[in-house]
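K.L.:
Take this structure first; my questions come after.
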Amino acid sequence: MTFEQRIARLEEIAGQLEGQGLELDRALSLFEEGIETLRAAAQELATAEAKVQRLVERADGSFDVLDRDL
Amino acid sequence: MSGGRRAPRRDASGAGQPGVGGEYDLFADGQGPTPPHPADESAPPTVKRSEYQRDKAPTPPSGGAKRRSEDVTDDQGGYPGETAQSAVAVSTLTETARDVIEGAFIPLWVRGEVMDFKSHRNGHWYFCLRDSRAQIRCVVWSRDQRGIPAPPDDGMQVAAFGRLTVYPTRGEMQFTIVKMRARGDGLRRKALEITRKRLEADGLLAPERKRRLPRYPRVIAVVTSPDGAALHDIVAVIRRREANVRLVVVPAAVQGDTAVVELCAAIERVSRWGEADLAIIGRGGGSVEDLWAFNDERVARAIAYCSVPTISAVGHEVDISISDLVADMRAPTPSAAAEAAVRSSSELRNELRKFSMRMSNAARSLVRVRRDQLRHLGRDIGDAGSWQVESRRTALENVAGKLHALSPLATLGRGYAVARDAEGRALTSVESFREGDAFDLVLRDGVVPSRVAGHPTKKS
């Protein structure tokens, strides 16, 4: 799941939890999923690091992405 | 021509001269004086056309010219064209004139008004430059037009850089132009207008064509010079924001003769690669000429057809390029492009925190509503200890406990407050508040009925 998809899912979950007439069990499972999604997203933020690379196209049309110093 | 008048005397002056004995034909060919008779060893060397060409821009032998030809008895001192017999061909004359003129003038800027402009179907441009007293024929060869933004219009005041030459075939002076500027930068403005119209006609400037940029891009292609200020600035912004992205540089010259071709190739490469979420295309500030590649129609079309959303970032705030019009977003500078493209990791963490709060509040609100319902139920039945109510209370407390345990921040316990409206919905944005509105402020240990005292202001 991309960060963007996780944010979108969190938006859905929060929206449903804030809505009316939700069964408690359903609320609990949504809440659990929400917490899990939050954790994963936060983890991605914690581990991610900016990188600068360089795109190189080979003669056969395939691509290489080479690291470069920041 | 005086040579014609002198010709008989020269003829009479002796044998062995070019054209002696009626062999000499003034109109024989374009090759200059007829060579001496092979049998006559004493004949002076005859200057042939090939010698003229080898020896560029020969200086007419002024010493010889001063002598009256009638006095010439020694033909060793003669020069081509001195007599009718040695008359040079027209082509020799015009070609020599060309050599003299080309040798005498270094390339230079000339100013004047354009008239009689014609773009020939062979691709070359022909026109005259004139002022109040004179005019000169001009040509711009098609291969030299690359350095000129647009063809000039009749009446334009221009400065043109080129060299003076003679077009031998017509015997006309001609100015061969390789660069041109018009007053008020008219050529560039004309070129921009032409390009803009052509792109507009193809619908490439339509607002509905603009794509939304991804909010959380992870891979950003940067089409620019690998050594330029733009890349440096973009990297600096990404570092400062501790942004969670990969920058993939797709190198291209951003100025000079190869810039247009390299930019197009790099943008097409981004499309073919297909793994970027977003492309920033641009360069740092520079002169109008330095930025000109970003006004090229080919670059504009490459941007328009790029498979990923694009941000154009060319020069400084004041510079607006054709690329800016075509891209999905225009950023005033490369730094601004980076800022528009990525969110800082602290901003993202804040966003996550908001979700956490919304979910916690919603869960609390759910439990509170159920608890109230149970309390009413117990009161109605008159027996709060009844097993039905008790078992449901137990189930509820169970869920509430789980929710609380799951809550990643136990937000309220740490001293935060949550604003809620009358329906118990969390108010998470200043846009939910109007001056004078009532709301509940929920704290760890209770609720404070509150009212908005002033006009809410949004954090920029």
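K.L.:
If you look at just the Cα atoms of region B:170-216, how large are its Rg and its Dmax in Å?
P.N.:
19.7, 69
K.L.:
Please list the non-local residues whose amide H lies under 5 Å from the amide H of B:GLN174, H modeled 1.01 Å from N, same-chain partners needing a gap of 5 or more.
P.N.:
So B:GLN174 has HN proximity to B:THR165, B:VAL166, B:TYR167.
K.L.:
Please report the net charge: other residues with Cβ closer than 10 Å to the Cβ of B:TRP109, K and R +1, D and E -1. Present the calculation step by step, with values, prior to reporting the outcome.
P.N.:
Numbers: positive: B:ARG111, B:LYS179, B:ARG181; negative: none.
Overall, the nearby charge balance is +3.
K.L.:
Could I ask something else about it? Quick query: amide H of B:ALA252 versus all other amide H atoms, modeled in the peptide plane; which residues come in under 5 Å with a sequence gap of 5 or more or a different chain?
P.N.:
Residues meeting the criterion, in which the H sits 1.01 Å from N, are B:THR224, B:SER225.
K.L.:
What's the center-to-center distance, using Cα atoms, between region B:138-210 and region B:437-460 in Å?
P.N.:
65
K.L.:
What does the charge add up to near B:GLU339, with Lys and Arg as +1, Asp and Glu as -1, over the other residues with Cβ less than 13 Å from its Cβ? Spell out each step's value before the answer.
P.N.:
Numbers: positive: B:ARG239, B:ARG240, B:ARG241, B:ARG343; negative: B:ASP233, B:GLU347.
For residues surrounding B:GLU339, the net value is +2.
K.L.:
Let me ask something else about it. Under a point spin-label approximation (7 Å from Cα along Cα-to-Cβ), what is the B:GLU208-B:GLN135 distance to one decimal in nm?
P.N.:
5.1
K.L.:
Between B:VAL299, B:VAL342, B:HIS376, whose Cα lies farthest towards the positive end of the dipole of region B:257-382 when Lys and Arg beta carbons carry +1 and Asp and Glu beta carbons carry -1, centred on the Cα centre?
P.N.:
B:HIS376
K.L.:
Using the Karplus equation 6.51 cos²θ - 1.76 cosθ + 1.60 (θ = phi - 60°), what ³J(HN,Hα) coupling, rounded to whole Hz, does each residue of region B:225-234 give in order, writing x for Gly and Pro?
P.N.:
6, x, 10, x, 5, 4, 4, 4, 5, 5
K.L.:
Moving on. As a quick test, which of the pairs A:LYS51/B:LYS458; B:LYS210/B:LYS458; B:LYS354/B:LYS458 have an alpha carbon distance above 26 angstrom in this structure?
P.N.:
Too far apart for the 26 Å limit: A:LYS51/B:LYS458; B:LYS210/B:LYS458.
K.L.:
Next question. Do you know the relative contact order of chain A, to the nearest whole percent, from alpha carbon pairs under 8 angstrom that are 6+ apart?
P.N.:
Averaging sequence separation for qualifying contacts and normalising by length gives 24 percent for chain A.
K.L.:
Still on this structure, I have one more. Before anything else, pin down the relative contact order of region B:205-343: Cα pairs under 8 Å, at least 6 apart, normalised by residue count, whole percent.
P.N.:
It rounds to 29 percent for region B:205-343.
K.L.:
Got a sec? Which residues in region A:2-16 would a label at B:SER432 touch, if it sits 7 Å along Cα→Cβ and we count backbone N under 13 Å?
P.N.:
Of the residues in region A:2-16, A:14-16 have backbone N under 13 Å from the label point off B:SER432.
K.L.:
Could you compute Rg(Cα) / (2.2 N^0.38 Å) for region B:205-343, with N its residue count? Don't skip to the answer; put the middle values down first.
P.N.:
On the way: Rg = 13.2 Å, N = 139, 2.2 N^0.38 = 14.3 Å.
So the Cα radius of gyration is 0.92 times the expected 2.2 N^0.38 Å.
K.L.:
Points 7 angstrom from Cα along the Cβ direction at B:ARG111 and B:PHE161: gap in nanometres?
P.N.:
For the pair B:ARG111/B:PHE161, the computed spacing is 1.6 nm.
K.L.:
Follow-up question, since we're still on this one. How are the Cα pair distances of region A:3-68 distributed, in percent, across 5 Å bins from 0?
P.N.:
3, 15, 16, 13, 11, 9, 9, 7, 7, 5, 4, 1, 0
K.L.:
Sticking with this one: Taking H as built 1.01 Å from N, whose amide H comes closer than 5 Å to the amide H of B:GLY282, not counting residues under 5 places away?
P.N.:
B:VAL223, B:ALA313
K.L.:
Further, regarding this structure: Just to confirm my numbers, what's the Cα centroid distance between region A:22-70 and region B:359-377 in Å?
P.N.:
When both Cα centres are located, 36 Å separates them.
K.L.:
Next question. Using the beta-carbon distance between A:ALA46 and B:ALA236 and R0 = 30 Å, what value does 1/(1 + (r/R0)^6) give for FRET efficiency, to the nearest 0.05? Let's see the in-between values first.
P.N.:
Details: r = 22 Å, r/R0 = 0.75.
The computed FRET efficiency comes out at 0.85.
K.L.:
Continuing with this model, one more query. Could you give the size of the charge dipole of chain A about its Cα centre, using +1 on the Cβ of each K and R and -1 on the Cβ of each D and E, expressed in debye and rounded to the nearest 20?
P.N.:
220
K.L.:
Charges only on Cβ, +1 for Lys and Arg, -1 for Asp and Glu: so what's the dipole of region B:205-363 about the Cα centre, in debye to the nearest 20?
P.N.:
Once rounded to the nearest 20, the dipole reads 1100 debye.
K.L.:
Set the Förster radius R0 to 45 Å, insert the Cβ-Cβ distance between A:THR2 and B:ARG375 as r into 1/(1 + (r/R0)^6), and round the FRET efficiency to 0.05.
P.N.:
In this case the efficiency is close to 0.50.
K.L.:
Here's something else I'd like to know. Distance in nm between label sites at B:LYS458 and A:GLU32, each 7 Å beyond Cα in the beta-carbon direction?
P.N.:
3.8
K.L.:
Residue by residue, what Karplus-based ³J(HN,Hα) values in Hz, rounded to whole numbers, does region B:319-331 have, using 6.51, -1.76 and 1.60 with θ = phi - 60° and x for Gly and Pro?
P.N.:
After applying 6.51 cos²θ - 1.76 cosθ + 1.60, I find 7, 10, 10, 4, 4, 4, 6, 8, 5, 5, 8, 9, 10 Hz.
Taken together, the values in this text are just the output of simple stated rules run on the coordinates, not laboratory data. Bear in mind that the values here come from a model prediction, so they are computed numbers and not experimental data. For neighbour counting, all protein chains shown are included, and Cβ atoms are generated from backbone atoms with ideal geometry for every residue, glycine included.
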